[in-house]
Amino acid sequence: MLYAQNREIVIPGQLIAEGSHSIYGGAFKEGNQIYSSVIGLMNVHGQDIRVVPLGGRYMPRRGDAVIGIAIDSHRSGWILDLNSPYVGNLFVSDLAGRKVDLDKEDISQYLSMGDVVIAEIRDVDERMRVLLDASGPSMGKIRGGKMVEISSAKVPRVIGKKGSMTTVLQSTSGCKIKVGQNGRIMVWGDDQRMVNAVVEALLMIEREAHTSGLTDRVKQFLEKMKSEGK
């Protein structure tokens, strides 16, 4: 039995369901009753329940793709700001994709302070020490582009079901985007006007993530901006 409807905003401690539902985040079970653990949006698919948080800082998770900014260095790598209470540690070998002789190479040739990096979280230990890997395909130092920061809780809405929202953003605008699970998004495009339009669309998604029909509104907005630029 459901006590909250799909896409309804719920609050911590609110009874949202009862019975043999599967929980996939944002909720907890006591006996046969299920309560929300966050302020968020109720998401129901069959017997599956998830409460998508409407706010909060990003908490690093193994396997997440993130966009970090180099804020410090050490002998064998860099410390990256992850838009989180926790920073990430990136070793030079995990950026270069090979073993680096630290006695012969100056690691500053790879990254400078303020550089932006797309990386994967390789590991998070019990003390929340985050180890990054930026040697994979489409990862590493970012060149060019415009960065947008939104609440990490809204990232699933930016991606959409099976990547539907990301597809609309890219195909309608002609821009390329890269989404970090930590709420940072990079936008590239030849037409600066459409890059700015995508930024506006991303902020619209953040504001209106809990509303229905959002994908269509984003597409209409981008189509309008594109036609006005011709």
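The numbers here are math on the coordinates, done by the rules we state, and not lab data. None of these values were measured; they are calculated from a predicted model. Note that we place each Cβ from the backbone using ideal geometry, even for glycine, and neighbour counts take in every protein chain shown.
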Practice prompt. Return the sequence-ordered ³J(HN,Hα) values of the stretch 31-39 in whole Hz as given by the Karplus equation 6.51 cos²θ - 1.76 cosθ + 1.60 applied to θ = phi - 60°, using x for Gly and Pro.
Written response: x, 9, 9, 10, 10, 6, 9, 9, 7
Worksheet item: Taking θ as phi - 60°, what are the ³J(HN,Hα) couplings along the stretch 168-184 by the Karplus curve (6.51, -1.76, 1.60), each to the nearest whole Hz, with x for Gly and Pro?
Response: 4, 4, 7, 5, 6, 8, x, 9, 10, 10, 10, 9, x, 5, 8, x, 9
Worksheet item: Residues with amide H under 5 Å of residue 54's amide H, sequence separation 5 or more or different chain, H placed in the peptide plane at 1.01 Å from N; which?
Response: 39, 40, 41
Worksheet item: Ratio of the stretch 158-226's C-alpha Rg to 2.2 N^0.38 Å, to two decimals?
Response: 0.99
Worksheet entry | Separation of the residue 102 and residue 22 label points, Cα + 7 Å toward Cβ, nm | 4.4
Worksheet, complete the sentence: The whole-number value in µm²/s of the Stokes-Einstein translational diffusion coefficient for the stretch 9-53, with Rh from the Kirkwood sum over alpha carbon pairs at 25 °C and 0.890 mPa s, is 248
Worksheet item: If you take the beta carbon distance between residue 2 and residue 161 as r and set R0 to 25 Å, what does 1/(1 + (r/R0)^6) give as a FRET efficiency, to the nearest 0.05?
Response: 0.75
Item to complete: Could you tell me how many degrees, from 0 to 90 and to the nearest 10, lie between the Cα long axis of helix 214-228 and the main elongation axis, the longest principal axis, of the Cα atoms of the chain?
Response: 50
Fill in: Cα long-axis angle, helix 192-207 against the chain (0 to 90 degrees, to the nearest 10)
40
Practice prompt. Hey, can you grab everything whose amide H is under 5 Å from the amide H of residue 25? Only 5+ residues off in sequence or another chain; H modelled, so Pro and N-termini drop out.
Written response: 51
Fill in: Cα-centred dipole magnitude for the stretch 108-225, charges only on beta-carbon of K, R (+1) and D, E (-1), debye, nearest 20
200
Worksheet, complete the sentence: Labelled set [x] 65, 54, 23; [y] 56, 38, 31; [z] 53, 34, 33; Cα extents along the principal axes in Å computed from this model equals the value at [x]
Response to the item:
Hull surface over four for the Cα convex hull of the stretch 65-141, reported in nm², is 4.9
Worksheet item: When the helix-only estimate is applied to the chain (DSSP H runs of n ≥ 4, each -39,500 (n - 2.57), divided by the residue count), what is the mean residue ellipticity at 222 nm, nearest 500 deg cm²/dmol?
Response: -6500 deg cm²/dmol
